[in-house]
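This report concerns only the one structure given below.
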């Protein structure tokens, strides 16, 4: 009898120790924005997620004086083993080449001058723009192995147009390595999703209408809803970060070629692809070049789909959507 009781207790303990998978949610604040992550697993990974995002911040946040990117900007280091930083820089330079410089992580001095960066807006004129452009341009900094070589010590890096997408990939790849196949990672509006949500269907993501909201307080109205099947989605727009001065609207997206805020009819660019570091950077490049050039550029890139919202001559909203993206829209 005692043996039977003992066997029963062992079986009961073993059964209790087996944790079944369920959906967990992790929310927080990182990189000056929020994150919302949902995943199916047998344990809460919030601590691990926060730790990984903090590690990412120490590599690529220009707001942290001790980060790798800040130390490079301040010419404190010319060599690093920080793989997050190096991977970001290498991919940024590749996309700069793909986009013919429309996406450029060295425009930080121009962003600052226009009042969208770390310092107060300056009195901008052509002379100032010309002086700043002398040390802007992705061709003026080079990554040779672990070495960082600047043509001019005043060259500054700002990874805002690519880093959030990379951080999404970092968490998604952590999940993949752990065998997690059902997840949605959203950081600052950049999204990567795989598998199914808790309702057993593909993850559904809304595309915002480009409604002006300089406070970014959640003034959302969806233009469309899409389903993501092992894909990333990034949206860039000029309806959150802009100001009006003397009747002229200035957006936060700087055209590296001119040094001025981009001015074209494109209001919002949503890019779908496999990895979020690529879709994030391409969305910015699209906002720089405008709707027609953006479509032509994306059409040459394998695995990239787009959803553009632009205004016509009457101010009415119009869309330009690739066939692949059209198939993602919920009808």
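Each value in this text was obtained by applying a stated rule to the coordinates, not by laboratory testing. Since the structure is predicted, the reported quantities are computational estimates derived from the model, not experimental observations. Reconstructed Cβ throughout: ideal geometry from the backbone, glycine too, with neighbour counts over all protein chains shown.
Observations
- Its relative contact order, with pairs defined as Cα atoms under 8 Å and 6+ residues apart, puts the chain at 14 percent.
- With neighbours defined as other Cβ atoms within 10 Å of a residue's Cβ, the residues 252, 274 order from fewest to most as 274, 252.
- A value for Rg and Dmax of the Cα atoms in Å was derived from the coordinates, and within the list (i) 20.0, 60; (ii) 21.0, 65; (iii) 22.4, 94 it appears as (iii).
- Antiparallel content of DSSP bridges confined to the chain, in %, to 5: 100 percent
- Residues of the stretch 266-281 with amide N under 15 Å of the 7 Å Cα→Cβ point at residue 319: 267-272
- When only Cα pairs below 8 angstrom with a gap of at least 6 residues are kept, the stretch 46-111 shows a relative contact order of 17 percent.
- 204, 192 arranged by Cβ crowding within 10 Å, fewest neighbours leading: 204, 192
- Backbone N within the stretch 176-190 under 18 Å of label point (7 Å from residue 21 Cα along the Cβ vector): 176-185
- Label point 7 Å beyond Cα of residue 128 along Cβ direction - residues of the stretch 259-292 with amide nitrogen under 14 Å: 259-261
- Label-point gap, in nm, between residue 311 and residue 97 - each point 7 angstrom along Cα→Cβ: 3.8 nm
- Whole-angstrom gap from the stretch 282-331 to the stretch 172-199, using each part's C-alpha centre: 25 Å
- Note on the chain: with a GNM built from Cα contacts shorter than 10 Å, the maximum mean-square fluctuation among 59, 257, 285 falls on 257.
- Among 297, 178, 184, 287, the ranking by other beta carbons within 10 Å of each residue's beta carbon, starting with the fewest, stands as 178, 297, 184, 287.
- Ordering of 264-271, 73-80 by packing is 264-271, 73-80, highest average first (other Cβ atoms within 10 Å, averaged per residue).
- Computed extension gain for residue 63 through residue 34, at 0.36 nm per residue and net of the alpha carbon distance, reaches 8.9 nm.
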